[in-house]
Amino acid sequence: MTSYSPDLLRLRFKASMGLNDEQIQMQRIATEFAQKEFLPYMAEWDEKEYFAKETMQKAAQLGFGAIYVSEKYGGTGLTRLDSSIIFEALSRGCVSTTAYMSIHNMCAWMIEQFGSEEQKQHWIPSLASMEKFASYCLTEPGSGSDAASLATTARCDGDFYILNGSKAFISGGGDTDLYVIMVRTGSPGPKGISCILVEKDTPGLSFGKKEKKVGWNSQPTRAVILEDCKVPVSNRLGEEGQGFNIAMQGLNGGRINIASCSLGAAQASLELAANHLKVRKQFNKPLAEFQHNQFKLAQMATNLVASRLLVRKAASSLQQNLPDAVSLCSMAKLFATDQCFDIVNQALQMHGGYGYLKDYAVQQYLRDIRVHQILEGTNEIMQLIVSRDILQN
Amino acid sequence: MAMRVLVGCKRVIDYAVKIRVKPDKTGVVTEGVKHSLNPFDEIAVEEAVRLKEKKLASEVIAVSCGPPPCQETLRTALAMGVDRGIHVEIGGKDYETLQPIHVSKILAKLAQEEKVDLIILGKQAIDDDANQTAQMTAAVLDWPQGVFASKIEKMDGTLKIQREVDGGVEYVEAKLPAVISSDLRLNEPRYATLPNIMKAKKKQIAKKSISDLGVDITPRVEVLTVEDPPVREAGAKVESVEELLTKLKDLGRI
């Protein structure tokens, strides 16, 4: 019932538009993998709140564990655009699992970008294979959008930092192996923040209860609690005071990834809705023959294509480190997550009562992508970033 | 002694696509339709790559006959681990009328040129369901054949081939060089990995023309018309066996 046929929607504006041969091949592999390994289990993983580590490791074997990390350290060495294409394709099979994988990918990249040679050699291979899983820890109970005001401290004591504080809403928290944690080592504000890697089972590291969420249920979310947690100074990523910068640079890419996940859900939902409209009849004709539905579909498709183009442009821009990259990434995240939520919501409406049943996939796509408008920087913060760019330049 | 292996890779309409007959009834719609590597050929590629991994094969060459998009098909095979590809470029009307008899001669010629020890083909293509190319290729070359293979074992100078046949399972032993056609349960093909797709970029796809090979591809068969199967008619319920027999007699069925 939740499976889709490649021919289901004979859109000429497919997700493969504008891509070169290699990218189309990669997209195909990700799509086939997601259709076979994610899609049949998407509903079950959501219901049972199952963190599919083995399946993700299978994905990692294909190179999906550290897509935009250099081959030198065991990554796949592809571009941000390639990653966007891949996450969009994988999302069609399960948004939640794909979204976690994108966070994991982001952490691997942060280590590659800012880590010492030793840290890179030590961590990246096992992250690339997903032998080890990573979590990104920035948000705290007292600091969400105002991330720079974070209060978790790291006090230097000889060769160690002593960490105290707590992080909230950590994806993978409690079930992952490596925590990339932003902590305060210096003065208030962004310049006093550092980034440190903490391994699970470090004494003083514990977790809150597993949160009960509306979606993203195939990944556990927990608070990360640090109580006099002793971490070697050699686990610090980059310099003291560089942490906020590291966190934000990670998020630029993370935002493209999350937006890409929304695209996958929207494309899948659009196809499901179009198919439903062709099949469902009321007043003696298929719903697809009502102009209202036709026009709605047209709007949905237009907004999807517009979102996709913006996301891909942002990805290319980030890859080339262009001056507009940060704004574009924020715009892409803002626009795509909002548009795609509306698309999926409309797709659900087009299913009528059936759309509300868990037997149909649309509701899960909806529940899963709703949080994309909130995390990795709320869509309000995205507006702040873009407006600041406009007014300060 | 490690074998040199040739695999056939046919580009066919993807298995999941809903086939539509062209309005002029000359064939099915192929334009803009998703195509893929024939599933049985994918199994053949997988088997060849596994032989190479076991060091029983030294080189695996994939062949595809058809228009330029066949190179995509070859790239899929390359990304699975095949060493190099050969694209026999055939287009237009020639491609529409290409039959197993022609392909078998092409494969035979290439096998001889490449000094191949083993040819593995898919048992049939999912578009024509011909199930002829492997058998014909073996005949042209006068090589032994093991078709509908579900397991292949290398022995000393021969291959022990397990075949799925109507009555069950049969074993044949074929002296090399030989032709094998893969059946469904021979293996489960791997996904190409992203790194392998990147590596495949550097692998070679040689282009050959029909004149290079000197094979005659004049059509032997003419397609008169292609039509949808008849729409299923409504049935009728009967109350008794007598009524059933009467109805069947009336319809001339018995």
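Table: residues versus (1) within 14 Å of the chain's Cα centre (by Cα); (2) buried (at least 19 other Cβ atoms within 10 Å of the Cβ).
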{"residue": "B:Lys25", "(1), (2)": "no, no"}
{"residue": "B:Asn38", "(1), (2)": "yes, yes"}
{"residue": "B:Val49", "(1), (2)": "no, yes"}
{"residue": "B:Lys55", "(1), (2)": "no, no"}
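All conditions in (1) more than 11 Å from every other protein chain (Cβ to nearest Cβ); (2) without any contact (Cβ under 8 Å) to a residue 60 or more places away in the chain; (3) buried (at least 19 other Cβ atoms within 10 Å of the Cβ) hold for A:Gln25, with the sole exception of (1).
Check segment A:347-362 and report whether any residue there is in a loop (DSSP other than H, G, I, E, B), modelled with pLDDT of 95 or more and among the aromatic types (Phe, Trp, Tyr). Within segment A:347-362, one or more residues are in a loop (DSSP other than H, G, I, E, B), modelled with pLDDT of 95 or more and among the aromatic types (Phe, Trp, Tyr). Filtering segment B:60-70 for residues that are closer than 24 Å to B:Lys115 by Cβ and within 14 Å of chain A (Cβ to nearest Cβ) leaves a non-empty set.
The residue of segment B:143-173 that is nearest to the other protein chains (Cβ to nearest Cβ), among those that are touching a Phe, Trp or Tyr at 6+ places or on another chain (Cβ under 8 Å) and closer than 20 Å to B:Lys54 by Cβ, is B:Gln162. Checked against the criterion of being more than 14 Å from every other protein chain (Cβ to nearest Cβ), in contact (Cβ under 8 Å) with a residue 40 or more places away in the chain, closer than 21 Å to B:Val28 by Cα and out of contact with any Cys (no Cβ under 8 Å at 6 or more places or on another chain), the candidates B:Thr137, B:Thr97, B:Thr133 yield just one match: B:Thr97.
Tell me whether segment A:116-123 contains one or more residues that are in contact with a strand residue (DSSP E or B) (Cβ under 9 Å, 6 or more places away or on another chain) and not in a helix (DSSP H, G or I). Quick ask: steps written out before the conclusion?
Our first condition is that a residue be in contact with a strand residue (DSSP E or B) (Cβ under 9 Å, 6 or more places away or on another chain); within segment A:116-123, this holds for A:116, A:119, A:123.
With not in a helix (DSSP H, G or I) added as a condition, the list becomes A:116.
The answer is yes, given that some residue of segment A:116-123 is in contact with a strand residue (DSSP E or B) (Cβ under 9 Å, 6 or more places away or on another chain) and not in a helix (DSSP H, G or I).
Listed residues A:Val344, A:Val326, A:Val371; which is part of a helix (DSSP H, G or I), hydrophobic (A, V, I, L, M, F, W, C), in contact (Cβ under 8 Å) with a residue 60 or more places away in the chain and farther than 19 Å from A:Trp216 by Cα? Working first, answer last.
Values: A:Val344 fails: farther than 19 Å from A:Trp216 by Cα; A:Val371 fails: farther than 19 Å from A:Trp216 by Cα.
The match here is A:Val326.
Tally the residues that are more than 18 Å from A:Ile29 (Cβ to Cβ) and within 12 Å of chain A (Cβ to nearest Cβ), restricting the search to segment B:24-59. Even if it seems obvious, please write down each step before you answer.
Start the filter on segment B:24-59 by keeping residues that are more than 18 Å from A:Ile29 (Cβ to Cβ), which leaves B:24-33, B:40, B:44, B:47-48, B:50-59.
With within 12 Å of chain A (Cβ to nearest Cβ) added as a condition, the list becomes B:29, B:31-33.
Residues that pass the stated criteria total 4.
Might you check whether a residue that is surrounded by fewer than 20 Cβ atoms within 10 Å (Cβ to Cβ) and under 24 Å from A:Val183 (Cα atoms) occurs anywhere in segment A:101-116?
Start the filter on segment A:101-116 by keeping residues that are surrounded by fewer than 20 Cβ atoms within 10 Å (Cβ to Cβ), which leaves A:113, A:116.
Still in the list and also under 24 Å from A:Val183 (Cα atoms): A:113, A:116.
Yes, segment A:101-116 contains at least one residue that is surrounded by fewer than 20 Cβ atoms within 10 Å (Cβ to Cβ) and under 24 Å from A:Val183 (Cα atoms).
The values are calculated or read from the model by the stated rules, or taken from the named source; none is laboratory data. Nothing here was measured: the structure is a model prediction, and the numbers come from that model. Methodologically, a virtual Cβ is constructed for each residue, glycine included, from the backbone with ideal geometry; neighbour enumeration extends over all protein chains shown.
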